[in-house]
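Undergrad: My structure is below; once you've seen it, I'll send some questions.
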Amino acid sequence: MPETITEFRTGSGRPSLDFIRTLRWRGTDGAFEELATPEALVAWIRQLGPYDEDVAIDAPAPRTLRAAQETREAVYALVKAARATTPADCPPDARALLNKTATSPTPHPVLDEDGALHHAAADPVAALLAAIARDALDLATSPLIDRVRDCAGPNCGAWFLDTSRPGTRRWCSMDRCGNQAKKSTWRSKHPGAG
């Protein structure tokens, strides 16, 4: 039985980059699939999507889970190609998948009678995947692609959008990787100090 994730990593600065993070430790022997079940995909959408908690999100069929994982890998391929050279170097099948996924309706805003803004979609899963595909296409073709950075955490590897003014942010999250690096530096300067 796959491990159930209860809290997904956030804070990359773009929904598409947060979605890439659902394959943790990518490229290592310890790579971990966070979206291993339809319920995990629903949990990710609940945590990172725009929907209110009372919006019904049914557990998707296994083929929809595969489509989500394939979309994630296409986003990764596109962003990787755009960071290295140009989005045109993205594998054609990944580009075609993202172009197709992006054509679906995305979550739309709804203003209720009390003036509160909510988001709705006929198919909340497909709509969020479309929004992620659109975000990835936009990011890969914008000047912001030059601000996508690798986390400096030795065990992380996550990408994030560096929106700092000088463009020198090093960590995907100060709370996690940055704090761990500070602790490690302190311990190396103060051996035996706990």
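Undergrad: Search the range 122-161 for residues being outside any helix (DSSP H, G or I), without any contact (Cβ under 8 Å) to a residue 24 or more places away in the chain and open to solvent by less than 70 Å² (accessible area, probe 1.4 Å), and hand back the single one that is nearest to ALA96 (Cα to Cα).
TA: Within the range 122-161, the match that is nearest to ALA96 (Cα to Cα) is SER142.
Undergrad: While we're here: Tally time: how many residues in the range 22-38 are farther than 17 Å from ALA74 by Cα and among the polar types (S, T, N, Q)?
TA: Residues flagged as farther than 17 Å from ALA74 by Cα and among the polar types (S, T, N, Q) within the range 22-38 amount to 2.
Undergrad: What about SER12, is it among the hydroxyl-bearing types (Ser, Thr, Tyr), part of a loop (DSSP other than H, G, I, E, B) and crowded, with 20+ Cβ neighbours inside 10 Å?
TA: For SER12, the condition - among the hydroxyl-bearing types (Ser, Thr, Tyr), part of a loop (DSSP other than H, G, I, E, B) and crowded, with 20+ Cβ neighbours inside 10 Å - is met.
Undergrad: Please count how many residues of the range 162-175 are touching a residue at least 12 places away in the same chain (Cβ under 8 Å) and either open to solvent by less than 100 Å² (accessible area, probe 1.4 Å) or more than 13 Å from SER12 (Cα to Cα) (or both).
TA: Total satisfying the criteria: 6.
Undergrad: Given the conditions (1) surrounded by fewer than 17 Cβ atoms within 10 Å (Cβ to Cβ); (2) assigned to a helix (DSSP H, G or I), report the number of the one that GLY115 does not fulfil.
TA: So the condition that GLY115 fails would be (2).
The values are calculated or read from the model by the stated rules, or taken from the named source; none is laboratory data. Nothing here was measured: the structure is a model prediction, and the numbers come from that model. Quick reminder, even Gly has a Cβ in these numbers, built from the backbone with ideal geometry, and neighbours come from all protein chains shown. Surface areas here come from the heavy atoms of the whole protein model, side chains and all, with no ligands, DNA or RNA. Shrake-Rupley method; radii C 1.70, N 1.55, O 1.52, S 1.80 Å.
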